[in-house]
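The values are calculated or read from the model by the stated rules, or taken from the named source; none is laboratory data. Quantities reported herein were computed from a predicted structural model and do not represent experimental measurements. Using ideal geometry, Cβ is built from the backbone for each residue, glycine included, and neighbour counts are taken over all protein chains shown. These accessible areas exclude ligands, DNA and RNA; they are computed on the full protein's heavy atoms, side chains included. Shrake-Rupley method; radii C 1.70, N 1.55, O 1.52, S 1.80 Å.
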Amino acid sequence: MDITPIYDLRARLRAAMIAGTNLLSEDFRLKRAVEAVAPLEQASPVFARIGQLARALLDPAQKDKEGALLDTITLVDAVLCTQGAVAAGRQSTEDEITKLPGSGCGNVVTNAPYSVVSALTEALTSSGSGHFSFVTATRESRPELFSDYRVKAALVQALGAGYSELADLAETWLKEEDASLLPLLQNQFDPEGKKEMVRRVRVMEAIAPKEANAFFVEKLPDAKKEVRQALIFALRHCPDNEELLWDLTKTEKGNSKQAAYRALTHMESDEAERYFTELCRENPLEAMQLLSYTERGWAARLVAQELKSQLQTFVEKGYFLTNEQALLLQTTLYAATGKTGPEIISALRETVRLENRLNNKESNPFVGKKVNWTFSQRYSGGTLSNKESSFQDMLVHIIYRTLVRTADEEMARFALEACEEKQRKKEDWEAYFPVAAVAHLLVDQDCSGWLSKQLLGLIRPTKLYMSLSWAWGSISWSETRQAFIIQDIAASFDLLDGYQTRYVHMLEQDMAGGIADVLMRCHDAKLDQLLVKYVSQENESYRTRLEEYYYKRALAESDNRSYLRLLKDLGSQRCEGLAVHYFKSRTSKVSLWEIKQFESYCLPGDAKARYEELMKVYDLIKRGRIQLQKGPGSTEEDVLAYLEGLKC
């Protein structure tokens, strides 16, 4: 396509910037340039937008000519930047001209004004108070801006932000991109750099591990410290790297050597299986630590074999474990997390059978010394902080995480079998309820009947409510996949600090149907928080039903602020009686500051509805039905003045 007219238009726009904007509508050269662009407008929406902006410049009614000129020339420059070509030599002929490599821009630019995009890029690339909240708020309100190439470039730069929360967010968002982002990530990559370069490696291997593999190998010789470890671990995605990784285990030291071994656990090869089989014999604790980071079939078999061996030793020694043996058993169980297959299920079945012995419930197996089983962040993915727990807590946690990460039906059937056995023996089956709740989602076509039987009609169901709110907390509707999903994140907190693996599985259950009906009938605040996650753009009937439910719950709860925020999330415009109910339920006096906070962050509805509702609160204050905490700046007159300001 001949885009010469675009270059001509840019030349005229630059001339206009020098000459000034007063005579724009009379610039006949600019008019001709705009007319020449018209045939291109059918070829691309971007060219159509250029024509639209350029014609607006010529409109005598255009008031903000300076701003319009800046928007137009910014878009023209951005488009031409992506169309560039370079000569292969000083005396290149036309045949030697080659296109520039992809820019990683994706959607080149958005239709947002430069002033909007520049504020976002500045917040991403500079430090300052409020930048983090501005970026997150913009992501929520204007997500389309993040497809702009300028914002993507700023996000890459934000990987090195001094505010670590912003850098982590930038990494998370960039991992949602594709291989077109690689040039931006590889540009000015410093193999001797620090955390920023580690994050770049993690993003590259998340979005395009095979395409980036040659880059990883190229940069490895010059890489240092954390960047070197990251590059070595990134080699796990390509089977052709196995020989290189074995060489690295012989030449590297410390954490870099460990990174090479961890990368090798991801190789589907006989040599890797033989090595780790031997390591299980020589140093089972180290082997289990390394195998925690892979879900390969051979690794699952080795972990299952080791777990059964330890349980056999436990039985043979009269149900006694030393602290060293307890640590090994715990590490092995965490290594089983996320692994499936008949061997793992068999080993976990034996573990459940011996649970009471391991849980210190029968015959004091530890000879007067109780072992403290702990949820270790190193092996649990950081879901729970370190704390003393029962063996049962740990075992249930591992089975639950495996179900969520694999969505394996055979594992789900085993989990239901274990739960039913506990119920049959009248043991502590409620501890297995989170496991059963996920398992039924995976094996039943509609688990609302089972859920109703478990939750409704119970005398004291609070414990089950809490368990279910935790078990189903990671379920939501995905607009991208047009399905309900369950997801989990496994993270590393040691030498590969910051590495995360995200597991996402689609569910066939209609969470907004009969299941939601059962949850609404429970009238439990924690379960009510789950319901908003099931809202989809298409299911307007569910949104309407949920809004009505939340509204009634808000009128029933004395402190209804959590329900008001849920109504705001739904975009509800209904607030009649909600503020009056909240402030009348207060047992202490109300200050003007609290009224302001309530109006800003809690009360749903448009400005007019909120004003009318709060005027009713003011009327009750005047009549003494609601007590005002008076003081400087908090009198009845101050309240009225504030509310009148809302009316405006």
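Yes or no, residue by residue, for (1) open to solvent by less than 40 Å² (accessible area, probe 1.4 Å); (2) assigned to a helix (DSSP H, G or I); (3) under 24 Å from Leu441 (Cα atoms); (4) in contact (Cβ under 8 Å) with a residue 40 or more places away in the chain:
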position: Met520; (1), (2), (3), (4): yes, yes, yes, no
position: Gln529; (1), (2), (3), (4): no, yes, yes, yes
position: Tyr551; (1), (2), (3), (4): yes, yes, no, no
position: Ser558; (1), (2), (3), (4): no, no, no, no
Taking only pairs six or more apart or across chains, which ones have beta-carbon atoms under 9 Å, a first residue in segment 627-646 that is on the phi > 0 side of the Ramachandran plot, and a second residue that is in a helix (DSSP H, G or I) and open to solvent by 50 Å² or more (accessible area, probe 1.4 Å)?
Gly633/Trp593
Selection status of Ala407, on the phi > 0 side of the Ramachandran plot and either over 27 Å from the mean Cα position of the chain (by Cα) or touching a residue at least 40 places away in the same chain (Cβ under 8 Å) (or both):
yes
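I need a count of the residues in segment 567-591 that are farther than 23 Å from Gly624 by Cβ, of a type in the set (A, V, I, L, M) and assigned to a helix (DSSP H, G or I).
The initial filter retains those residues of segment 567-591 that are farther than 23 Å from Gly624 by Cβ, namely 567-575.
Next cut, of a type in the set (A, V, I, L, M) only: 567, 570.
The next check asks that each one be assigned to a helix (DSSP H, G or I); those that pass are 567.
Residues meeting the conditions: 1.
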Among the residues in segment 148-160, are any open to solvent by 10 Å² or more (accessible area, probe 1.4 Å) and at pLDDT below 85?
yes
Subset of segment 266-288 that is open to solvent by 50 Å² or more (accessible area, probe 1.4 Å) and in a loop (DSSP other than H, G, I, E, B) - its residue that is modelled with the highest pLDDT:
Asn283
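What number of residues in segment 221-235 are open to solvent by less than 40 Å² (accessible area, probe 1.4 Å) and part of a helix (DSSP H, G or I)? Even if it seems obvious, please write down each step before you answer.
If we filter segment 221-235 for residues that are open to solvent by less than 40 Å² (accessible area, probe 1.4 Å), which is where we start, we get 223, 227, 229-235.
With part of a helix (DSSP H, G or I) added as a condition, the list becomes 227, 229-235.
Matching residues across segment 221-235 total 8.
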